[in-house]
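Right, one structure below, let's go through it.
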Amino acid sequence: MKKSIAFLLATIIILSCNVHRKDKIADDQAAQMEKASKDTTTVELIDSVYNFGTVTDGEKVEYNFRFKNTGTKPLVVDKTQPGCGCTVAKKPEKPVLPGEIGFIKIIFNSEYKIGHNEKTIEVTANTKPDFPTLTITGEVIKKKE
């Protein structure tokens, strides 16, 4: 009987500690979100659309989209999300300081993409308003045999 009561008491103590821990985690996350919203900056896109013209099936197209941090805080690109697996987007490794120009490198693999192509890249960064969508467009033609 004593063992059952001790076990029950220990379980209640452990569970109550876990609840307080979850509250602290939620409070920490809220504080981080508030800090992030205060540390926003603005961005000006130098390039938002790139037309690569006409390429042959299987060619890879590379382009560096340019943007300028027009705010007063460092611009941090958290994530780049291409619309499909045929496109890779590489974000800057370091924050882009106020007044500086940053680059997002795009690599589009045209293999099996014959016809008109328009691909978008969503960018998540600490900007207000949100970072605009990037777009590449062009034609892929069949290889001559």
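Every number in this text was worked out from the coordinates using simple rules, so none of it is lab data. Everything numeric here is computed off the predicted structure, so don't read it as measured data. Because the Cβ atoms are built from the backbone with ideal geometry, glycine has one as well, and the counts that use them run over all protein chains shown.
When you work out D = kT/(6 pi eta Rh) for the stretch 65-125 at 25 °C and 0.890 mPa s, using the Kirkwood radius from C-alpha pairs as Rh and the Stokes-Einstein form, the result is 193 µm²/s.
Using the beta-carbon distance between residue 103 and residue 56 and R0 = 30 Å, what value does 1/(1 + (r/R0)^6) give for FRET efficiency, to the nearest 0.05? Rounded to the nearest 0.05, the efficiency is 0.70. In this simple spin-label model, placing a label point 7 Å from the Cα along the Cα-to-Cβ direction at both residue 86 and residue 141 gives a separation of 1.7 nm. Put simply, when 105-115, 91-101 are sorted by average Cβ atoms within 10 angstrom per residue, most first, you get 105-115, 91-101.
Would you kindly state how much longer the chain becomes between residue 27 and residue 4 on full extension, computed as 0.36 nm times their sequence separation minus their alpha carbon distance, in nm to one decimal?
Full extension of this stretch gives 4.8 nm more.
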